[in-house]
1. Restricting to the range 14-25, name every residue that is within 17 Å of Phe88 (Cβ to Cβ) and within 15 Å of the chain's Cα centre (by Cα).
2. Looking at Gly82, Gly121, can you tell me which residue is closer than 24 Å to Gly14 by Cβ, touching a residue at least 12 places away in the same chain (Cβ under 8 Å) and surrounded by 12 or more Cβ atoms within 10 Å (Cβ to Cβ)?
3. Is it the case, given these coordinates, that Asp56 is charged (D, E, K, R), in contact with a Phe, Trp or Tyr (Cβ under 7 Å, 6 or more places away or on another chain) and either surrounded by 16 or more Cβ atoms within 10 Å (Cβ to Cβ) or under 14 Å from Phe68 (Cα atoms) (or both)?
4. Is it the case that the range 92-100 has a residue that's surrounded by 11 or more Cβ atoms within 10 Å (Cβ to Cβ), under 21 Å from Asp56 (Cβ atoms) and touching a Pro at 6+ places or on another chain (Cβ under 6 Å)?
5. Within the range 103-119, track down each residue that is more than 14 Å from Thr3 (Cβ to Cβ) and part of a helix (DSSP H, G or I).
Amino acid sequence: MLTAGQTILLPKPGHDTAHLWVVVVSASKITGEAVIVNLTTQRTHSDPTVILQPGDHPFVQHATVAFFADARIVDGRLLAKGVEACTFRKHVDCSPALLQRIQEGLFSSPHTPNKVKVFAGNQLSQA
């Protein structure tokens, strides 16, 4: 089962380049759904809600942002199977402090889809 703080390298649908995705909300024990957000290189137009620098996570080599506009509710069981089958690669977990920053950013970013905020809020209140 996917738990908050885990990271997975996987491509966005329709793209070849793998991004690091952070499990922001653990998979539901009932539905298996989890919330993930990808990290991407900071650009001039990037959402500045959460900016990571080298040292924040071993994968981060330069200024990087959490791309909250692309936050997703996913079937965590399928992602876990992909990791087990080596289709997707697990990476180093986030530190508790980094996870907290990203979770807070999920709710404070004006770009996070509302359905993701509602789902995440419900899941975290039940935890």
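Every number here is computed from the coordinates shown, using simple stated rules; none is lab data. Because the structure is a prediction, the values reported are computed rather than measured. Here the Cβ positions follow ideal geometry from the backbone for every residue, glycine too, while neighbour counts run over all protein chains shown.
1. Let us first name the residues in the range 14-25 that are within 17 Å of Phe88 (Cβ to Cβ), namely 14-24.
Passing the criteria: Ala18, His19, Leu20, Trp21, Val22, Val23, Val24.
2. When all the criteria are applied, what remains is Gly82.
3. no
4. Taking the range 92-100 and keeping what is surrounded by 11 or more Cβ atoms within 10 Å (Cβ to Cβ), we get 92-95, 98-100.
Okay, now just the ones that are also under 21 Å from Asp56 (Cβ atoms), so 92-95, 98-100.
If we keep only those that are touching a Pro at 6+ places or on another chain (Cβ under 6 Å) too, we end up with 92.
Within the range 92-100, one or more residues are surrounded by 11 or more Cβ atoms within 10 Å (Cβ to Cβ), under 21 Å from Asp56 (Cβ atoms) and touching a Pro at 6+ places or on another chain (Cβ under 6 Å).
5. Within the range 103-119, Glu104, Gly105, Leu106, Phe107, Ser108, Asn114, Lys115, Val116, Lys117, Val118, Phe119 meet the criteria.
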